[in-house]
1. Could you please find all residues in segment A:3-22 being in a loop (DSSP other than H, G, I, E, B) and charged (D, E, K, R)?
2. Tell me which residues, restricted to segment B:55-81, are under 14 Å from residue B:36 (Cβ atoms) and out of contact with any helix residue (DSSP H, G or I) (no Cβ under 6 Å at 6 or more places or on another chain).
3. Within segment A:33-86, how many residues are assigned to a loop (DSSP other than H, G, I, E, B) and over 18 Å from residue A:15 (Cα atoms)?
4. Does residue B:9 satisfy being out of contact with any His (no Cβ under 9 Å at 6 or more places or on another chain), surrounded by 13 or more Cβ atoms within 10 Å (Cβ to Cβ) and either within 10 Å of chain A (Cβ to nearest Cβ) or of a type in the set (D, E, K, R) (or both)?
5. Is it true that residue B:119 is over 25 Å from residue A:98 (Cβ atoms) and out of contact with any Gly (no Cβ under 7 Å at 6 or more places or on another chain)?
6. Testing residue A:57 on (1) at positive phi; (2) surrounded by 14 or more Cβ atoms within 10 Å (Cβ to Cβ); (3) among the basic types (Lys, Arg), one condition comes back false. Which one is that?
7. From the list B:111, B:68, B:51, exactly one residue is of a type in the set (Val, Ile, Thr) and touching an Asp or Glu at 6+ places or on another chain (Cβ under 9 Å). Which is it?
2 protein chains.
Amino acid sequence: MKPSKQRSTCALSSSLDILGDKWTLLILRDILFIGKSSYGEFSQSEEKMATNILADRLALLECQGIVTKTVAADKKSKFTYRLTEKGLDLAPLMVEFILWGHKHCENVVDTALLLELRQDQAGTIRKYQDLARAAALPSARL
Amino acid sequence: MKPSKQRSTCALSSSLDILGDKWTLLILRDILFIGKSSYGEFSQSEEKMATNILADRLALLECQGIVTKTVAADKKSKFTYRLTEKGLDLAPLMVEFILWGHKHCENVVDTALLLELRQDQAGTIRKYQDLARAAALPSARL
C-alpha cells in the first residue's frame, strides 16, 4: 500500500492518511502490548490478517518510520520488527481505542492490560513503551 | 457500509471494526471541533469526501449509536447530526490522532485547538464535549 496522498493540512486527517484502516494499528498493538516482532507471529493473531495485507502494512510502517526492520539475531532469513520513537508515540492513541472499545463494544474481553490502564493510564503507557524500547536495544537481540 | 463482523474479542480490534477507515473520524471531527451538523456542511470539508462515502458513514455512525439524526429545526427536508455520549467518548481518541499528526506528519497546520490542547489537554476535551452537548439540547435548536 502506497501512503495515500495527504488530503489536507489537518493533523487528524494526516494521521488517518497513514493509520486509517482496520489492520495497521493491530500490528502495532502486537508489537507494543504483546511483544511480537516477526511476520510469522503477526500472521497468527486472532484477527487472521491476510498475508498480502500484512506484508503491505509492514512495508508502509517501515516506509513511514514507525517500525524498523532488521535481520533477526537467531535466523538470517527472518526479520525483526521494532517500534521507533514515532511508533512508540502511538501508544496513547492505541490506549484510547482500547478504552473506548471496552466501554462501548460488545463481546470484548477484559484483559490484564485493561486493569492496569484503569489503575494508572499514564504509568501503564510508559511501562509498555519502556519494555518496547528495551526489546529494541542491541543487547536484547544477542 | 455495513458494520464489519467483529474479528476478535480484542477491544482495539473491535473499535477498529467500527472506526478503522480514513473518513469516519473526519465526520466526528467536524461535529466536535468545528460545530458542523449537516450533510451539506460535512460535504464541504477540505478532504472532499465523496457523497456516497459520506452517506454511508453517516448511516453507520447512526446505526452504531455514535451520532443521532433528527429533522433540522430550520428546514424539514434537512437533517441535523449530533454526537451521543458514545460519540463524545471518542474525543480523547481524536485528540491523540491530532497530537500525533502535529508531531509526526509534514505540512500540518498549527491550529488554535492545538494550542489549547498543549496548555490543558483534559480541560480542552471537556470544553468541546460540553459545547457539543449544549448544541444537542432541544433549546439550541429553536
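Read-outs: derived from the displayed coordinates by stated rules, not from any lab. In this text, all values refer to a predicted model and were calculated from it rather than measured experimentally. Ideal geometry is used to build each Cβ from the backbone, glycine not excepted, and the neighbour counts take in all protein chains shown.
1. The answer is A:5, A:7, A:21, A:22.
2. Passing the criteria: B:58, B:61, B:72, B:78, B:79, B:80, B:81.
3. Total satisfying the criteria: 18.
4. Considered against the rule, which asks whether it is out of contact with any His (no Cβ under 9 Å at 6 or more places or on another chain), surrounded by 13 or more Cβ atoms within 10 Å (Cβ to Cβ) and either within 10 Å of chain A (Cβ to nearest Cβ) or of a type in the set (D, E, K, R) (or both), residue B:9 comes out as yes.
5. yes
6. So the condition that residue A:57 fails would be (1).
7. Being of a type in the set (Val, Ile, Thr) and touching an Asp or Glu at 6+ places or on another chain (Cβ under 9 Å) holds for just one of B:111, B:68, B:51, which is B:68.
Yes or no, residue by residue, for (1) touching a Pro at 6+ places or on another chain (Cβ under 8 Å); (2) buried (at least 18 other Cβ atoms within 10 Å of the Cβ); (3) among the charged types (D, E, K, R):
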| site | (1), (2), (3) |
| --- | --- |
| A:82 | no, yes, yes |
| A:88 | no, yes, no |
| A:95 | no, yes, no |
| A:101 | no, yes, no |
| A:111 | no, no, no |
| A:121 | no, no, no |
| A:133 | no, no, yes |
| A:137 | no, no, no |
